[in-house]
1. Just to confirm a number: summing +1 for Lys and Arg and -1 for Asp and Glu over residues other than ILE46 whose beta-carbon lies under 13 angstrom from that of ILE46, what do you get?
2. For TRP25 and SER104 in the same chain, what is the full-extension length gain: residue separation times 0.36 nm, less their Cα-Cα distance, in nm?
3. Quick one: which residues, 5 or more positions from ASP108 or on another chain, have an amide H under 5 Å from its amide H? H modelled 1.01 Å from N in the peptide plane, none for Pro or chain starts.
4. Can you give the translational diffusion coefficient of the stretch 1-77 in µm²/s, computed by Stokes-Einstein from the Kirkwood radius over Cα pairs at 37 °C and 0.692 mPa s?
5. Have a look at THR72, THR89, THR58 and tell me which one the Gaussian network model of the chain (Cα, springs below 10 Å) gives the largest fluctuation.
6. For a quick check, take a GNM of the chain with Cα springs below 10 Å and name the residue from ALA34, ALA53, ALA107 with the largest mean-square fluctuation.
7. Given springs between every Cα pair under 10 Å in a Gaussian network model of the chain, which of GLY69, GLY122, GLY19 has the largest fluctuation?
8. Sum up the charges of everything whose Cβ sits under 14 Å from the Cβ of ARG67, counting Lys and Arg as +1 and Asp and Glu as -1, but leave ARG67 out.
Amino acid sequence: MKQFEATPRVVGQVRGFIGAALADWDLQEMADDARLYATELVTNVILHSAPQADGSKTVDVLIDRRRSGEVTIMIRDMDARLPVPQLTTPAPHQESGRGLHLVSALADSLWVRSTPTGKTIGCRFDLQRYGVTS
């Protein structure tokens with residue numbers, strides 16, 4: 001797990017962190033999907049989460065390869081408010097509103113959990129979908 005300051009410049013660092021972990025595991029096949037997933041959710045934290053009492057915002061990113069043949073990525077922030085998915089598809093000219101649709105299409109499963117200090121949004125990628133056997 002790595003903690004980042006939740007500012008716009010951190011998005012590239014998170015993408016690098018995810019990419020490096022996947023490269024270490026020789027899982028480049030799924031790197032684009034995993035980096036896009038993390039980018040969307042970290043951007044949501046930057047744009048929509050409430051700051052902590054001291055005015056700062058942080059985001060924790062965890063990536064884990066499981067023996068069961070999957071990779072799990074979790075994004076944790078300190079805002080207890082849960083995401084509200086859009087029930088309709090945004091119009092083509094709208095600049096936002098696609099993130100949760102996108103991440104739910106990329107991942108094999110997606111979940112949100114309240115924690116004592118905020119929330120965690122996680123996903124699971126099945127490695128067989130990328131032609132990788134565990």
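1. Details: positive: ARG9, LYS57; negative: GLU5, GLU40, ASP77, ASP79.
Once positives and negatives cancel, what remains is -2.
2. Numbers: separation 79, 0.36 × 79 = 28.44 nm, distance 2.37 nm.
Net length gain for the segment: 26.1 nm.
3. ARG124, PHE125, ASP126
4. Values: Rh = 12.8 Å.
The diffusion coefficient I find is 256 µm²/s.
5. THR89
6. Highest fluctuation of the listed residues: ALA53.
7. So, out of GLY69, GLY122, GLY19, the one fluctuating most is GLY69.
8. On the way: positive: ARG65, ARG66, ARG124; negative: ASP64, GLU70, ASP126.
Net local charge, ARG67 excluded: 0.
Bear in mind these aren't lab numbers, they're just calculated from the coordinates by the rules spelled out. From a predicted model like this one, the values you see are computed outputs, not experimental measurements. When we count neighbours, we look across all protein chains shown, and the Cβ atoms used for this are built from the backbone with ideal geometry, even at glycine.
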